[in-house]
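First comes the structure, then the notes that go with it.
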Amino acid sequence: KQVAWLNFKRTTVERLDKAIFKVSNAYKKFNLIECWGSGNSVSADGKLWDLYEDNLLSEYHLRYGRFGGIAYYHVSDTYIALFSHFIPCGVYEAIYILDGLLNNESDFKPDTVYGDTQAQSTPVFGLAYLLGIKLMPRIRNIKDLNFYKPDRNMVLQHIQSLFHEPIQWDRIEKYYPDMLRTAMSIKAGKITASTILRRFGTKNRKNKLYFAFRELGRVVRTMFLLEYITDLELRKTIQAATCKSEEFNEFARWLFFANGGKIASNLKHEQGKIVKFNHLLANLAILYNVNAMTTAFNDLRAEGHDIRRDHMAKFSPYHTAHLGRLGSFELDLDKEVKPMRVKLEI
């Protein structure tokens, strides 16, 4: 009852986010994570969480084939998740792809975000560009996307058939000051990127700013697509980054085993808190794992084993075999906690 009272009266999404950021900051101190990434990029992906069908937030997801809600995570290239958000199934996931970077208060400062096909649209590309965020999604049906020419009279040898109508530069020029004001308002925290993108998602023909962002997004996305289809290493990088998101989803799902993995609450804010609690627990388990791995690598080197960077890079902190989910656990506040061993020669 006391735990339930603390959750109801004292625990908020904002406080859970602060706890998540503190864990992320402790994780960043470990030298081992340099083997896995620079911390300058994240991958965004959603995971369906089961809800009761008679819940107001619960919707039928066509891709997953069942009812639920989407937990949307931003996972660092060093494996830890920096941000999470709980959204209905019917919402376009790309709307929230920029919020994770803009609301980030941890010591990680990523400027590149990877995602799947659902994480991209021309307005998102345009807004991300003005916010200084590099959007690099994994494109599933690239043949269905349009390329845009900078000029109507331009003839492109061999690839002319890929390009359609030219960019309307006059529209970008006319509304560029308004677009910058929008980006500055988002940077200043006056409004969220998801709020703006939700409004753009209506494609209201009276919303001139939507069409201006769409034109700018066409420019940025065309440049990205040309790089995407010609650079094999870029496609491999994006694929590897999105795989880390999928691995984190499965790790978080493994930790949320109670009640059959179903969110039982019918209140929206409580559902969001459950996702945040699970996110915090996953990050704590990742922090524990990386500390244990650092200790193990240091001990093996002390014994004379040749442990190199390429060996350590093949590991990940998503191990679960040594974690016990069931049993009786006692909390001893007087027990001395061993200091974390963050130093490791890479």
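Just a few scattered comments:
- Just one residue in the set Asp144, Asp151, Asp111, Asp116 is more than 27 Å from the chain's Cα centre (by Cα) and not basic (Lys, Arg); that residue is Asp151.
- Which listed residue, of Leu16, Leu6, Leu32, is within 27 Å of Gly69 (Cβ to Cβ) and crowded, with 18+ Cβ neighbours inside 10 Å: Leu16
- Residue selected from the stretch 140-151 under the condition at pLDDT below 85 and in a loop (DSSP other than H, G, I, E, B), by the criterion most open to solvent (accessible area, probe 1.4 Å): Arg140
- All of Ile133, Ile186 fail the test of being in contact (Cβ under 8 Å) with a residue 60 or more places away in the chain, within 30 Å of Tyr79 (Cα to Cα) and among the aliphatic types (A, V, I, L, M), apart from Ile186.
- Considered as a group, the residues in the stretch 81-110 that are polar (S, T, N, Q) and part of a loop (DSSP other than H, G, I, E, B) include one that is surrounded by the most Cβ atoms within 10 Å (Cβ to Cβ), and that residue is Ser106.
- Filter pass, Phe297 being over 25 Å from Leu51 (Cα atoms), assigned to a helix (DSSP H, G or I) and aromatic (Phe, Trp, Tyr): yes
- Pairs meeting the criteria (first residue in the stretch 23-39 and over 18 Å from Asn298 (Cβ atoms) and touching a residue at least 60 places away in the same chain (Cβ under 8 Å), second residue small (Gly, Ala, Ser) and part of a loop (DSSP other than H, G, I, E, B), beta carbons under 8 Å, at least 6 apart or on different chains) are Ser24/Ser106; Asn25/Ser106; Lys28/Gly39; Lys28/Ser106.
- Condition met for Thr242 (in contact with a Gly (Cβ under 8 Å, 6 or more places away or on another chain), surrounded by 17 or more Cβ atoms within 10 Å (Cβ to Cβ) and either of a type in the set (Ser, Thr, Tyr) or closer than 30 Å to Thr320 by Cβ (or both)): yes
- The condition of being of a type in the set (S, T, N, Q) and farther than 22 Å from Pro123 by Cβ holds for only one of Gln168, Gln160, that being Gln160.
Residue-wise test of (1) outside any helix (DSSP H, G or I); (2) under 24 Å from the mean Cα position of the chain (by Cα); (3) not hydrophobic (A, V, I, L, M, F, W, C).
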{"residue": "Ser185", "(1), (2), (3)": "no, yes, yes"}
{"residue": "Ala212", "(1), (2), (3)": "no, no, no"}
{"residue": "Leu216", "(1), (2), (3)": "no, yes, no"}
{"residue": "Thr242", "(1), (2), (3)": "no, yes, yes"}
{"residue": "Glu250", "(1), (2), (3)": "no, yes, yes"}
{"residue": "Gly260", "(1), (2), (3)": "no, no, yes"}
{"residue": "Ile274", "(1), (2), (3)": "no, yes, no"}
{"residue": "Leu280", "(1), (2), (3)": "no, yes, no"}
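- Filtering the stretch 322-346 to residues that are exposed (fewer than 10 other Cβ atoms within 10 Å of the Cβ) and among the β-branched types (Val, Ile, Thr) leaves only Val337.
- Among residues of the stretch 300-334 being assigned to a helix (DSSP H, G or I) and over 33 Å from the mean Cα position of the chain (by Cα), the one that is farthest from Ile33 (Cα to Cα) is Ala302.
- Flag for Leu197 being in contact with a Pro (Cβ under 7 Å, 6 or more places away or on another chain), surrounded by 13 or more Cβ atoms within 10 Å (Cβ to Cβ) and not polar (S, T, N, Q): yes
- Number of positions in the stretch 159-192 that are within 11 Å of Leu130 (Cα to Cα) and open to solvent by less than 70 Å² (accessible area, probe 1.4 Å): 5
The values are calculated or read from the model by the stated rules, or taken from the named source; none is laboratory data. These numbers were taken from a predicted model, which means no experiment stands behind them. Quick reminder, even Gly has a Cβ in these numbers, built from the backbone with ideal geometry, and neighbours come from all protein chains shown. Remember, those area values only see protein heavy atoms, side chains included, never the ligands or the DNA or RNA. Shrake-Rupley method; radii C 1.70, N 1.55, O 1.52, S 1.80 Å.
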